[in-house]
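Student: Below are the structure tokens for one structure; questions will follow.
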Amino acid sequence: MRRVGQTLLLLIVVCVTGCGTYANHYPRSWLVAGDFPERHKDEKPEPFGGIRRDVNNLPLGLLDLPFSTIGDLATLPITVPASQPDANSK
């Protein structure tokens, strides 16, 4: 019985890791359906958006916060240029 509990805990931890970062890059994914309905489909990812999502989804976000922090830092070279306004859109 103890092993079942440990396996279930491991499965939960694996399932919630980095969800904020994932949702920052794929806001219309089926995995994050209903998350931040005010977002537009053409909205770009923002730096540290995964952390923001976790903080907005407390207390469950506390479990994901360390993993989103790592994910947001790792994707920073992608999110910073992507969040900048296009020079051609003026």
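Just so it is clear, none of the values below were taken in a lab; they were calculated from the coordinates. Since this is a predicted model, take the numbers as computed values, not measurements. Heads up, the Cβs are rebuilt from the backbone with ideal geometry, glycines too, and the neighbour counts pull from every protein chain shown.
Student: At a Förster distance of 22 Å, what's the computed FRET efficiency of ALA82 paired with ILE12, Cβ-Cβ distance as r, to 0.05?
Tutor: 0.10
Student: Order the peptides 52-59, 3-10, 69-76, 17-24 from the highest to the lowest mean number of other Cβ atoms within 10 Å of their residues.
Tutor: 17-24, 69-76, 52-59, 3-10
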